[in-house]
Every structure is written in C-alpha cells, then in structure tokens.
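What follows is a single structure, written as structure tokens, with notes after it.
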Amino acid sequence: MKTLSNPIYPVIWQDNHVVLIDQTRLPGEHSTVNINRSQDMAEAITTMIVRGAPAIGVAAGYGMYLGAREIDTRNREEFLTQLDAIAKMLGETRPTAVNLFWAISRMLKTAQESTGTVAEIKATLLETAKAIQQEDLNTCQAIGDHGLSVLPDKPQSTILTHCNAGSLATAGYGTALGVVRSAWREEKLQRVYADETRPRLQGAKLTAWECVQEGIPVTVITDSMSAHCMREGKIDLVVVGADRIAANGDTANKIGTYSLAIIAQAHNVPFYVAAPFSTIDFALSDGSQIPIEERNVTEIRQIGKTSLCPDGAEFYNPAFDVTPADLIAGIITEKGVIKPHLLANSK
Ligand code: MRU
C-alpha cells in the first residue's frame, strides 16, 4: 500500500477569513486569495477562482457565514431578511452545480431553526460551514474507497477522466480523482488519462497538476482522442464527476462528458460517475430540467489575448452537458455504488 502524501485543500478557514487556492492561475502559479466578504466570495465563484461542484458548495457555506458576519443588527427577523439577500446573491453566481444551492439552503435553514441571539446564530453558521467542509472531505474519501469495487479484475487499471473532479473541485481528495487516489494508494492504478477539457482546460491544468503533485502517472490527451485511445485498448474505465444528478440518474457534468459516455459505450468501456449525495437533485425527475450554464464566448474564441478565429464567426459555449442515465454503469457515492435507475430508492 502507498501513502498519499500531498493533500490539497482549495478552501481553508484561517485567522477569521477564507483562503482560496486561485485555480485560475494553476499550474503556472500556486497562489492564494484571501476572502473576507460575502461579495468577494460570490465573485470568486463566478470567476472560477474556486470551481467544481462540491468546492463551490463549501465556498458558498463560508460565503453565507461571511455575509451573516456583515449584518449589523441584533433583531432576529431583520437578520434573517438580510441573510436571505446574501443567499440570493450567492445563488446567482453559477447555475448548474446543485451543491451551491444545497449549501446555501442548509445555511439558511440552520439560521432559521436557531433559537438563540443573532450573535449565537452567527457562531452556529460558522460551525455549519466548517461541518459542510469536513463532511465533504469524509464523503470524498468514502467515494474513493467505494470506487475500488468497480475496478476491473486485473492487477492495475487505467482510468480516463474528464475535467477536474479532484481535491481542487471538492473539500479535498476528490470524487473521480478520489477513486484514482484510492486506487493509487492500493497499488491498483497504472495510469490516469486526463482529457484536456476544452475550453477552460481543467483536465490539462488542474487534474494533471494534482496527479503530478501526488506522483500519479498522468497522460493528458485532447478531448477528441478518447475514441482512438479506447480502440487501442489504453482505457479500462472512465470515471467522471458531476455537477447535478437528476432523480433518474441523468447527470450534468462538464461539456464533453456526454460524448465521452457515448464513445465509452461504443467501445465497451464502463463509464462511471463519482459524486456525493449533495450533488443529487431529487426535485428534478430527469436531466432535461437541469439548467445549463452558458459562459463567455471568449473562452472559445481566444487563448489568452490571442484570437483563434476569424472576425464574423459566431460561438456557442455551454459549460455543461447531460449524460443520459442509460450510458452510466453506476454512480459511485459515499453510500456505495448505485445503479442510476435505483437512485430514487436510495434517497
Ligand atoms: O466549470 P467547473 O470547472 O466548475 O466544472 C467542474 C466540473 O464539471 C466537475 O467535473 C464537477 O463539478 C465535478 S467536481 C467533483
């Protein structure tokens, strides 16, 4: 068994403020940003300084506490009204990852159900934000370990993943990369293939960075190479994260995930989703109801300041797509691996 030696925590509560790893600067620069105000947390989520569904949830939890701290009243009703406005502001940052709304609702409910003074409610909110973070870390470790059961019956496997569903996208350890980490720890992993993940390149920049930090062998491929790699027999299974899973198992994840699932099916390569229960939106019966974020076309049109395309071309930039449940072999959760069509029973 190997020892995992390089924990990465994208969100840290320290000296009465939040410290975020600035994920827009990786892998070239490993720098952090201090967040003292809820408005700054909202901006950090919008601009993807912090990103990845569970990490957004953790950040939003602290954002709610920072907002609560800013409210200058001892009147409980007035406090709750102002907290609602902060919840609304944070809820408008990104539409697809349900963990954002899940964490905001949990913080609001905690405040509404607290019977103490405003000062006591604020203290409870900080404890709740810390609990959301710790629970996500524990959850990811459980997801990683449950993922060992889907590895093929061979000494070492190769896993292809898309986008970044690692420590950086969670409280730590990761969901899809949690499975990778556990497999590496158990010496059951030969190599990770990381789709570069156009247009923001989370695979090339973030997944590859995390793997290199941990000493896990990683090969970056362009998104268009997965079919070729599968035909060559390079990929044993695909494991991706999720931004929102509907009650029937349809799964929204980074754009390109759906085509990867179709390619995996065509090559008889099992395709798994790894995600915590906080990513399941039981209120939505199927994936057609999941809101899909559209991002600025500059993400496609240019690299840095250099334009790639002729003037006059138009662009379409949906950040996520929905993979139908019937393409998913199983959803690896903290409670075990669940067949998508049985998800509703496991609520
Ligand atoms: O736009 P991003 O970088 O926030 O998208 C992230 C993803 O799509 C991840 O794969 C998903 O959130 C799962 S993270 C454990």
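Observations, loosely collected:
- Near Leu4, once Lys and Arg are set to +1 and Asp and Glu to -1 for all other residues with Cβ below 14 Å from its Cβ, the sum equals -1.
- With all protein chains modelled, accessible area of Asp321 [1.4 Å, Å²]: 20 Å²
- Residue-averaged 222 nm ellipticity for the chain, from DSSP H runs of 4+ at -39500 (n - 2.57), nearest 500: -11500 deg cm²/dmol
- Taking each of Lys205/Lys305; Lys109/Lys254; Lys2/Lys234 in turn, the alpha-carbon distance tops 28 angstrom for Lys109/Lys254.
- Long hydrophobic helices in the chain: the complete DSSP H runs spanning 30 Å or more by Cα along their own axis with mean Kyte-Doolittle hydropathy of at least -1.0 are 118-147.
- 19 Å reach of a label modelled at Phe282, 7 Å along Cα-to-Cβ, counting backbone N of the stretch 318-347: 331-347
- Here the stretch 136-165 is scanned for amide nitrogen atoms under 19 Å from the site 7 Å beyond the Cα of Val212 along Cα-to-Cβ, giving 161-165.
- Normalised contact order of the chain, rounded percent, pairs of Cα under 8 Å and 6 or more residues apart: 17 percent
- Across the stretch 17-103, the mean sequence separation of Cα contacts (distance under 8 Å, 6 or more residues apart), normalised by length, yields a relative contact order of 31 percent.
- Net charge contributed by nearby residues that have their C-beta within less than 14 Å of Val297 (K/R +1, D/E -1): -1
- On a per residue basis, the chain carries 42 Å² of accessible surface, using protein heavy atoms and a 1.4 Å probe.
- With a simple spin-label model that places each label point 7 Å from the Cα along the Cα-to-Cβ direction, the separation between Val19 and Val297 comes to 4.1 nm.
- Where N is the number of residues in the stretch 11-142, Cα Rg divided by 2.2 N^0.38 Å: 1.01
- DSSP beta bridges confined to the chain are antiparallel in about 50 percent of cases.
- Dipole in debye (nearest 20) - the stretch 69-154, about Cα centre, beta carbon charges: Lys, Arg +1; Asp, Glu -1: 80 debye
- Compared with the alpha-carbon gap, the fully stretched path from Asn268 to Asn345 is longer by 25.0 nm at 0.36 nm per residue.
- Each Lys or Arg adds one and each Asp or Glu subtracts one; over the other residues with Cβ under 11 Å from the Cβ of Gly166, this totals -1.
The values are calculated or read from the model by the stated rules, or taken from the named source; none is laboratory data. Since the model is a prediction, treat every value here as computed from it, not as a measurement. Backbone-built Cβ (ideal geometry, glycine too); neighbour counts: all protein chains shown. The area values use the complete protein model at the heavy-atom level, side chains included, leaving out ligands, DNA and RNA. Shrake-Rupley method; radii C 1.70, N 1.55, O 1.52, S 1.80 Å.
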